[in-house]
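J.: I'd like to ask some things about the structure below.
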């Protein structure tokens, strides 16, 4: 992959070997369907999907595989049985280009990441509300 500043997901996919285009377009379609409200963008020079104030999922194409990122321990545990056939390392799931695309699994992973992001956003909002309330309750009017 050349060191290029991609401006869109279309541009990213077009820069990949032609043999990978259909797979990447299919993965893109699966993710977009699973995350209908997500903003599609390029981040770290790969396609990304942003929801709830942060990127929830990335994908990238390689010579022998395509990958989904980020993959944490909770996700791996939740999909342990289904992820068995795939290589997982350093926050990445690698899917071989030579195998059928696991449509339902990718869809469920995208939705799982979206739920994690929504929960993080909800907890962050609660912390801010509590912090704001404790400041208000802790201050007394000067007379």
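Just so it is clear, none of the values below were taken in a lab; they were calculated from the coordinates. Quick caveat, the model's predicted, so the values are computed rather than measured.
J.: For the range 79-126, rounded, prolate or oblate, judged on the Cα gyration tensor with a ≥ b ≥ c (square roots of eigenvalues), a/c < 1.5 rounded, else prolate if a/b > b/c? Present the calculation step by step, with values, prior to reporting the outcome.
T.: On the way: a/c = 3.17, a/b = 2.31, b/c = 1.37.
Taking the square roots of the gyration eigenvalues as a ≥ b ≥ c, the range 79-126 is prolate.
J.: Among 67, 15, 89, whose mean-square fluctuation peaks in a Gaussian network model of the chain (Cα, cutoff 10 Å)?
T.: Most flexible of the set in this elastic network: 89.
J.: Give the relative contact order (percent, whole number) for the range 3-142; include only Cα pairs under 8 Å separated by 6+ residues. Mind showing how you got there, number by number?
T.: Working: 153 pairs, mean separation 30.6, N = 140.
Rounded, it is 22 percent for the range 3-142.
J.: Moving on to the next point. Given the options 45, 64, 16, which has the most mean-square fluctuation in a GNM of the chain, springs set between C-alpha atoms less than 10 angstrom apart?
T.: Maximum fluctuation in the GNM of the chain, among the listed residues, is at 64.
J.: Take the alpha carbon gyration tensor of the range 1-126, find the square roots of its eigenvalues, order them as a ≥ b ≥ c, and report rounded if a/c is under 1.5; if not, report prolate when a/b exceeds b/c, else oblate.
T.: oblate
J.: May I ask for the distance between the Cα centers of the range 1-75 and the range 118-132, given as a whole number of Å?
T.: When both Cα centres are located, 29 Å separates them.
J.: Could you work out how far helix 103-138 tilts from the main Cα principal axis of the chain, as a 0 to 90 degree angle to the nearest 10?
T.: That works out to roughly 20 degrees.
J.: Cα axis of helix 18-34 to longest principal axis of the chain: angle in degrees, 0 to 90, nearest 10?
T.: Tilt of helix 18-34: around 30 degrees.
J.: Here's a follow-up. Could you tell me whether the range 53-103 comes out rounded, prolate or oblate from its Cα gyration tensor? Rule is a ≥ b ≥ c as square roots of the eigenvalues, rounded for a/c under 1.5, then prolate if a/b exceeds b/c, otherwise oblate.
T.: Details: a/c = 1.90, a/b = 1.19, b/c = 1.59.
It comes out oblate by the Cα gyration axes.
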